[in-house]
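S.K.: Okay, handing you the structure first.
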Amino acid sequence: MLPLRPRPTLASMHATSRLCLESPLSRRCASTSTSAARKEGDISSVFVSLSSKDEAPPLPERFTDIKRQLIKGREDQIQQGWARLLRKLKYEVQIIEAKGPNIIPSIEFKDIHSPPKSFQDELRKRGVAVIRGVVPSDIARSYKGEIEAYIKANPSTKAFPENDPQVFELYWSKPQISARSHPNVIATQRFLMNFWHTNSNDALISPTHPLTYADRLRIRQPGDAAFALGPHVDGGSVERWEPDGYGLGNIYERIWEGNWEQYDPWEAGCRIPAVSDRYNGAGACSMFRMFQAWLSISHCGPNEGTLLVNPLLSMSTAYMLLRPFFTPRTAPPTANASRVARDTFLEPSNWILEPETTSALQGATPGFSQEFNDALHPHLELEKTMVHIPKIQPGDYVVWHCDSIHSVDKVHRGTGDSSVLYIPACPVTDNNVKYVARQKASFLEGIPPPDFPGGKGESEHIGRATESYLKEVSDEESRRAFGFGKWNTQDAKLKQGEKEVLSKANQILGF
């Protein structure tokens, strides 16, 4: 715990947070994601709930100062905004409970060039969607068979859990390279990223040019209960409150003003300077992913080891950020309490600003993903608002906004495996390209990408993909996405900011 200090100014907070010299935990942070190699591990390294049976320790006292400064002078607006948010959440929870998986919009790949307005509106509101038939079903199914053969040929492959593998530390298998390079996947990523916008033509970002982010794969077997990821949001945790994290882009300024209704989760320009990985977590993502996503390589449906999402994008974000500032007047109801008692506990009148500010950021631990549960986030009513993705076919592409709460089935109750390739949608930004340059080097060596647990990875694996294989299965656009090609900066359709960032990207990659 840090020693108490005089209340800082916002400027001094930026300086203090950048230096981070006052505790062993703080000394690990940096204003940008570190390039240091990460220790070996698996997907459990990303979640406190999987990596430890102990509760996370209290956060350093500097987070108390951060919380004070975020709402200083705006306490009344925050209290009023919180009350409006709780009332709106109660209404939306009822809608989600009634609709279930049907609330998630979907569209056929063949229709992405002229999407119905209803699909567009629902995606923007819900933050999640299914794009069906992105890869032909027979090709998607063949990916799984090839991956299983690759795993069999390389028994040293790391996976979680060790005794019954479900999530594999594989990044460079030939099917993964083929899937990331598939022209339909690239086209779908471009379609999706253009749901984002910028308020300036000079913003240094190009959402029309996808970048490849190499991620893991899942082959979850029936009956599995080990890969039970609870509700969480990736992209860091405490960074969302820190001035040298998401605060660098003032992403959530409307929420801190008490006007959460005016917050725009689709404005991309403010995301460019944000830092989502200040603690070099063993699996934290340092790249700006507009959408997290996976390509299905099997059939799966609700309760069959699949994904659940919270379709309350703007409101769940506002709730996550404001929750640490409030405390209930009364103790939480017991498990067998009446519905009336539970409703009374959730009423806005029962929640007040903390009398004494604490360092608590419910569910946030440096170096890990942001986690949620009913005890810490009762108004989200997660049992009702975490809804299953509908039935999925091989080749369907499931996407969710980078701020969306998501989880997986606690138990796989289906009869067949639930298998996916994680393939997010990432725009060209300066930081993203720098990551791709490092990722490119990892690919050539066969070691895990920079964001993932380290070690020798697939460097000695039989049959892993190489640069020659990438050239064989990819076109010019997908090679550029992987850092193996030069962008055209003279396209008349490009905004000024896009031209500049693509020109810089070419320099970073040595073209």
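S.K.: Among 227, 206, 85, pick out the residue whose Cα is farthest towards the positive end of the charge dipole of the chain, where Lys and Arg carry +1 and Asp and Glu carry -1 on C-beta, about the Cα centre.
M.R.: Farthest along the dipole direction, towards plus: 206.
S.K.: Please give the Cα centre distance for segment 465-494 versus segment 263-313, rounded to the nearest Å.
M.R.: 24
S.K.: Among 426, 465, 489, whose Cα projects farthest towards the positive end of the dipole of segment 375-511, with charges put on the beta-carbon of Lys, Arg (+1) and Asp, Glu (-1)?
M.R.: Farthest towards the positive end: 489.
S.K.: Sequence neighbours fewer than 8 away in the same chain don't count; with that in mind, list the lysines whose C-alpha is under 21 Å from residue 90.
M.R.: Once the sequence-local lysines are set aside, what remains near residue 90 is 99, 125, 384.
S.K.: A follow-up question, please. Sorted by mean Cβ packing within 10 Å, highest first, what order do the peptides 316-322, 96-102 take?
M.R.: Those peptides, ordered most packed to least, come out 316-322, 96-102.
S.K.: Go through 297, 313, 330 and say which Cα lies farthest out towards the positive end of the charge dipole of segment 231-353; charges sit on Cβ, +1 for Lys and Arg, -1 for Asp and Glu.
M.R.: 330
S.K.: Magnitude of the Cβ-charge dipole of the chain, K/R +1 and D/E -1, about the Cα centre, nearest 20 debye?
M.R.: Here the chain has a charge dipole of around 440 debye.
S.K.: With a cap of 11 neighbouring Cβ atoms within 10 Å, and only residues DSSP puts in a loop, list the trypsin sites (Lys or Arg not before Pro) found in segment 253-360.
M.R.: 329
S.K.: Next question, about the same structure. Setting aside same-chain residues fewer than 8 positions from residue 440, which lysines have a Cα under 18 Å from its Cα?
M.R.: Excluding near neighbours in sequence, the set is 174, 456, 471, 486, 504.
S.K.: Name the shape class, rounded, prolate or oblate, that the alpha-carbon gyration tensor gives for segment 306-380, where a ≥ b ≥ c are the square roots of its eigenvalues, rounded holds for a/c under 1.5, and otherwise prolate holds if a/b is larger than b/c and oblate otherwise.
M.R.: oblate
S.K.: What Kirkwood hydrodynamic radius do you get for segment 10-508 when you take the inverse of the mean 1/r over all pairs of distinct Cα atoms, in Å?
M.R.: 23.3
S.K.: What is the list of residues in segment 99-129 whose amide nitrogen lies under 15 Å from a point 7 angstrom out from the Cα of residue 254, following Cα to Cβ?
M.R.: Residues passing the 15 Å test: 124-127.
S.K.: Using a basic spin-label model with each label point 7 Å from the Cα along Cα→Cβ, how many nm lie between residue 466 and residue 99?
M.R.: Inter-label distance under the simple model: 5.1 nm.
S.K.: In addition: For segment 181-282, what does the alpha-carbon gyration tensor say about shape, rounded, prolate or oblate, given a ≥ b ≥ c as the root eigenvalues, a/c under 1.5 as rounded, and a/b over b/c as prolate?
M.R.: oblate
S.K.: Still on this structure, I have one more. Compute the Cα gyration tensor for segment 280-346, then decide on rounded, prolate or oblate, letting a ≥ b ≥ c be the square roots of its eigenvalues: rounded whenever a/c is under 1.5, prolate when a/b is larger than b/c in the other cases, and oblate in all that remain.
M.R.: Judged from the Cα gyration tensor, segment 280-346 comes out oblate (a/c at least 1.5, b/c at or above a/b).
S.K.: About its Cα centre, what dipole magnitude does segment 77-122 give when the only charges are +1 on Lys and Arg Cβ and -1 on Asp and Glu Cβ, stated in debye to the nearest 20?
M.R.: It comes to approximately 300 debye.
Read-outs throughout are calculated quantities, based only on the coordinates presented, and are distinct from any laboratory measurement. Here the structure is a predicted model, which is why all the values come from computation and not from measurement. Please note: Cβ atoms are built from the backbone with ideal geometry, for glycine as well, and neighbour counts cover all protein chains shown.
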